[in-house]
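K.L.:
Please see the structure below; I have some questions.
Rule-based calculations on the coordinates, nothing more; no lab input. Treat the numbers as computed from the prediction; the structure is a model and nothing was measured. Every residue, glycine as well, gets a Cβ built from its backbone with ideal geometry; the counts of neighbours run over all protein chains shown.
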Amino acid sequence: MVRGKPQLLFVHGIGGLRDTATDHRRWLEALATGARDAERADAISALTQGWLADVTFANYSDLFNRRGAQGDAAGELDEHEAPFLMELLDSMLDDLAEEFPLESSPQEARVIRDARFQLDAAIEGRQAQGAGEIGRRLVGVTTTMLRLPGVRQAAQWMNGWGVLSQLAQVGRYLDRRAKKAELGTVIRARVFESLDPARPLVVVSHSLGTVVAYEALHEYEGAVPLWVTLGSPLALGAVVLDRLVPRPAFCPANVAAWLNFWDRNDIVVGRPHLADWIRPSKSGVKAVTERVDSRGLWTHTATKYLQHGIVARPVIEALRP
């Protein structure tokens, strides 16, 4: 039997350089807001003061600090990043088209159609273009995607290059070529470094962090009463799913429960397919997916998800003795 004070691990997703202490505080504050929304206000002090669990924010953002993190010029992709991003954007647009059909969402459907036209043109002409020109064309695609009503005034991604450069982090993590694969190994080591496998671990992962957590949990030797995934790209078609290790993808054996949450205005999410495309563990545990609807301009942040009572309640319950 696993004993001892529970551990709560936050695993972040795509983005720029992070400050560990600041994000640790913000995620906890958002979870506290969610606890209040779930009518679990009695747990807020225990959560924020560290009495309920030892909380770790696993910050690996510095490992993506390539050529100055946020300072790359538009269109500056290498020859391996561009094909991955084409596949990723293709999957994202397929999912968005499914979520926003023309009959019920004409405004969103027109934006998605325009982005699809631009992406198809970039794919068709890629043989005659250098990586720089392809990058500029893909920036056009992501700039168009930012016109979607749910994200067009977003503060986190101010332009199409911001979207593209951060989406490229997914490809860099999943790159399995010899030396490139070392990045994933170092990231997972960073996630593990302060954990005690002898104590129960609750994991809350977001965005790319859900991909990192998937592979890390397959390597982890401790018990995980609950794994929560937020805004996950795990089921974004073959571009992510077929690159996971181990594959074919299945729920890690040490996870006792897996809850997956998605928002219809979150452009990075692979919609509800995750529960169907990732196999259950040998004990029968598989993802249980629920939709949340966030208020405000930008939904692809962990804090937006954590503020929902439906997300916070199971985390708190899993941590309580």
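K.L.:
What percent antiparallel are the DSSP beta bridges of the chain, to the nearest 5? Provide the component values of the computation, followed by the final result.
P.N.:
Details: 0 of 27 bridges.
DSSP beta bridges in the chain are roughly 0 percent antiparallel.
K.L.:
If you count, for each residue, the other Cβ atoms within 10 Å and average over each peptide, how do 5-13, 282-290 line up from highest to lowest?
P.N.:
Listed from highest to lowest mean packing, they are 5-13, 282-290.
K.L.:
Still on this model: Among Glu182, Glu215, Glu317, rank each residue by its count of other Cβ atoms within 10 Å, from fewest to most, as a rough exposure measure.
P.N.:
By the 10 Å Cβ count, ascending: Glu182, Glu317, Glu215.
K.L.:
Separation between the Ile310 and Arg36 pseudo-spin-labels, each 7 Å from Cα along Cα→Cβ, expressed in nm?
P.N.:
2.1 nm
K.L.:
Moving on to the next point. Separation between the Glu221 and Asp19 pseudo-spin-labels, each 7 Å from Cα along Cα→Cβ, expressed in nm?
P.N.:
3.7 nm
K.L.:
Sticking with this one: Could you give the angle, 0 to 90 degrees to the nearest 10, between helix 309-319's Cα long axis and the longest principal axis of the Cα atoms of the chain?
P.N.:
Orientation of helix 309-319: about 40 degrees from the principal axis.
K.L.:
Provide the per-residue ³J(HN,Hα) series for the stretch 100-116, in order, calculated from phi with Karplus coefficients 6.51, -1.76, 1.60 and θ = phi - 60°, each as a whole number of Hz, with x at glycine and proline positions.
P.N.:
3J(HN,Hα) across the stretch 100-116, in whole Hz: 10, x, 4, 4, 9, 9, x, 5, 5, 4, 5, 5, 5, 4, 5, 5, 5.
K.L.:
Can you list residues whose amide H is under 5 Å from Asn260's amide H, if they're 5+ apart or on another chain and H is modeled 1.01 Å from N?
P.N.:
For Asn260, whose amide H was placed from the backbone, the distant partners under 5 Å are Thr229, Val288, Thr289, Glu290.
K.L.:
Here's another thing I want to ask about it. Return Trp161, Trp277, Trp262 ranked ascending by Cβ neighbour count within 10 Å, so the fewest neighbours appear first.
P.N.:
Lowest count first: Trp277, Trp161, Trp262.
K.L.:
Once both labels are modelled 7 Å past Cα along the beta-carbon direction, what's the Arg113-Arg291 spacing in nm?
P.N.:
Once both label points are built, they end up 2.2 nm from each other.
K.L.:
Can you list the aspartates and glutamates whose alpha carbon sits under 15 Å from that of Lys5, skipping same-chain ones fewer than 8 residues off?
P.N.:
Asp54, Asp196, Glu317
K.L.:
Here's a follow-up. With only alpha-carbon atoms in the gyration tensor, what are the semi-axes of the equivalent ellipsoid for the stretch 186-297, in Å, largest first?
P.N.:
22, 16, 14
K.L.:
Tell me, what HN-Hα J-couplings in whole Hz come from the Karplus equation 6.51 cos²θ - 1.76 cosθ + 1.60 at θ = phi - 60° for each residue of the stretch 21-29, using x for Gly and Pro?
P.N.:
5, 5, 5, 3, 5, 5, 5, 5, 4
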